[in-house]
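Working notes, beginning with the structure itself.
The values are calculated or read from the model by the stated rules, or taken from the named source; none is laboratory data. Bear in mind the structure is a predicted one, so any value in this text is a computation, not a measurement. Glycine gets a Cβ as well: all are built from the backbone with ideal geometry, and neighbour counts include every protein chain shown.
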Amino acid sequence: MSAAVVVGLALAGGLGSVARYVLDGWLTARRPGPFPLATLVINVLGSQLLGLLTGLVLFHGAGDGWRVVLGTGFCGGFTTFSTASWASVQLVRAGRRDLAALNVVGSLALTTLAAVLGLALAAL
Amino acid sequence: MHPGPRPPHLQPRALALVATGGVLGTLARYAVARLLPTPAGGLPAATLVTNLVGAFLLGLLLELLSQAGADAGRARQARLLLGTGLLGAFTTWSTLAVEVVLLGRDGRPGLGLTYGVVSVLSGLAAAAAGVLVAVRLRRS
């Protein structure tokens with residue numbers, strides 16, 4: 001992997017993280033509540049974008065450098081597993097096992113569906 | 001017209017901390033992925049290891065910070081740099097979701113489903129373990 005791709009990947013990861021932070025702050029201010037909706041929305045959007053990028057490489061022979069920069073970099077920095085896991089633990093601690101279960105199951109189901117949708121979009 | 005104070009998620013200093021952590025976390029995740037390449041049709045160990053280590057460390061960090069006091073000053077800067085930025089970017093959900101789908105596409109839907117379920121449940125356990133370690137450290 002060329003040095004330019006590694007630099008691009010790192011910068012895209014920083015940009016994805018900032019996009020996550022800003023969108024999280026914006027969504028949480030508009031839809032406050034115990035359920036970590038913002039993180040779920042972010043993970044669904046990022047999974048769909050990565051599905052689309054992966055499909056463009058698989059079905060249309062798009063360059064792998066782009067997948068690394070936009071996929072591993074931007075989508076990887078944008079989506080997060082640690083915050084989602086921590087949020088579920090906090091819900092359990094707050095006595096909201098129902099919301100924790102919804103977050104765990106809903107996150108896996110919706111992000112997988114979004115990734116399928118992204119791949120399908122690329123196959124069109 | 002006076003716009004009032006900026007909300008936290010639009011303060012330049014906060015954005016710079018998140019971006020810096022995000023660059024470092026992304027590079028660290030990429031390094032782990034290079035060290036642990038996924039065999040064709042096999043379990044994506046790099047993503048799993050990255051996500052579990054990150055979830056454990058985030059549980060530990062956020063619990064230690066919350067025990068230390070208010071989310072302000074140095075504590076808030078540490079949360080944005082190390083939590084939101086570094087660990088947020090080190091771990092990833094999009095790669096997990098796409099890997100689940102690709103395993104299914106490669107004729108291993110059972111492994112894909114197992115990988116997804118094991119990831120989210122062990123992620124929960126890892127974050128809880130981080131919190132518990134922080135609680136123990138506090139008591140000792």
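Remarks
- Residues considered: A:38, A:12. Of these, the only one that is of a type outside the set (S, T, N, Q), more than 7 Å from chain B (Cβ to nearest Cβ), over 17 Å from residue A:111 (Cα atoms) and touching a helix residue (DSSP H, G or I) at 6+ places or on another chain (Cβ under 7 Å) is A:12.
- Among the residues of segment B:63-107, those that are farther than 19 Å from residue A:57 by Cβ and of a type in the set (Val, Ile, Thr) comprise B:84, B:91.
- Candidate set: segment A:58-91, residues that are modelled with pLDDT of 95 or more and of a type in the set (Phe, Trp, Tyr); chosen: the one farthest from residue A:20 (Cα to Cα): A:86
- Restricting segment B:90-123 to residues that are over 20 Å from residue B:37 (Cα atoms) and touching a residue at least 24 places away in the same chain (Cβ under 8 Å), the residue that is nearest to the other protein chains (Cβ to nearest Cβ): B:123
- Some residue of segment A:56-63 being in contact (Cβ under 8 Å) with a residue 12 or more places away in the chain and either acidic (Asp, Glu) or buried (at least 22 other Cβ atoms within 10 Å of the Cβ) (or both): no
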